[in-house]
Amino acid sequence: MDLFLIRHAQSSNNAGPQEERVDDPDLTELGHRQARKLGEWIPKLELTRLITSPFLRCLQTTDCVYESTGLLPEVWVDLHEQGGCLSGYDQATIKGETGMTNGDFSCVYPDYIIPDEIDQDGWWKRKPLETLDQAQERAKRVRERTLQEFASTEERIAFISHGDFKRILVGTLVGSLDNGHEWVANCANTALTEFRINEESIQLCRFNCVPHLSDEMVS
């Protein structure tokens, strides 16, 4: 299989000050342009599956890929950003929120395939802040699920996810998570990282590439 890890386009949380961050931000004007450029370019990859985080910024990015490829998006909750769906910006104010509910998906993204765990209480269900250890365990789950379902196939799959979780997942896929993932550079918005995976090996082919963006659009 070929696996393409793609970070969402720029969100209002990326562009604004820390104290103005919200629990589920949408894309900025630049982010929408980045997502459209990604959608225009991505047919070159000849994807066969499209899988996304349940956060709005990923769903909005995914929608541009959906429009250009016709691939029905699948939502994996385990692709969410490190920490979870939270409001507040410091230890005194942070609290867990619901995340999008099944009703929200029915209204905004009715075609998307969502798991049963996304119900009327949302996908995060007001849980507290996820720790780094918990995020690393989640990355291992994503790795194992990916290998189990796809390693022996010729699928070409895009995961549309987040910068911090993408760094953890890259470290997990290359087998260096036990030594930390700090060596993995920060990812640009809509940047592409490619792995070639089979039952014997996992090969990193490209990292943090943005061939679809002009220099002034990189963020």
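Below, the figures for the structure above:
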{"item": "Filtered chymotrypsin sites (Phe, Trp or Tyr not before Pro), the stretch 63-154: DSSP coil and at most 15 other beta carbons within 10 Å", "result": "Tyr89"}
{"item": "Cα-centred dipole magnitude for the chain, charges only on beta-carbon of K, R (+1) and D, E (-1), debye, nearest 20", "result": "340 debye"}
{"item": "Residues Tyr89 and Arg206, FRET efficiency given R0 of 35 Å [Cβ-Cβ distance, rounded to 0.05]", "result": "0.55"}
{"item": "Local electrostatic count at Val77 - Lys and Arg +1, Asp and Glu -1, tallied over other residues with Cβ under 13 Å", "result": "-3"}
{"item": "Distribution of pairwise C-alpha distances over the stretch 1-123, 5 Å bins, in %", "result": "2, 11, 20, 22, 20, 14, 7, 3, 1, 0"}
{"item": "Cβ-based net charge around Gln148, under 11 Å, with every Lys or Arg adding one and every Asp or Glu removing one", "result": "0"}
{"item": "Spread of Cα-to-Cα distances over 5 Å intervals beginning at zero, given as percent, for the stretch 1-58", "result": "4, 17, 24, 22, 16, 9, 5, 2, 0"}
{"item": "Within the chain, helix-based [θ] at 222 nm, where runs of 4 or more DSSP H residues each add -39,500 (n - 2.57), nearest 500", "result": "-9500 deg cm²/dmol"}
{"item": "Distance cut-off 19 Å, percentage of C-alpha pairs in the stretch 88-170 lying past it", "result": "57 percent"}
{"item": "Among Gly88, Gly96, Gly39: highest mean-square fluctuation, GNM of the chain, C-alpha pairs under 10 Å", "result": "Gly88"}
{"item": "Candidates Leu38, Leu79, Leu56, ranked by Gaussian network fluctuation over the chain, Cα under 10 Å, top entry", "result": "Leu56"}
{"item": "Net length gained if the chain between Val174 and Val218 were fully extended (0.36 nm per residue, minus Cα distance)", "result": "13.2 nm"}
{"item": "Candidates Val170, Val108, Val22: whichever shows maximal mean-square fluctuation once the chain is modelled as a Gaussian network with Cα springs under 10 Å", "result": "Val108"}
{"item": "All aspartates and glutamates inside 18 Å of Lys127 as judged from Cα atoms, apart from same-chain residues fewer than 8 positions distant", "result": "Asp23, Asp24, Asp78, Glu81, Asp90, Glu97, Asp116, Glu117, Asp119, Glu137"}
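Read the figures in this text as sums done on the coordinates, not as results from a lab. These figures come from a predicted structure and were not determined experimentally. Backbone-built Cβ (ideal geometry, glycine too); neighbour counts: all protein chains shown.
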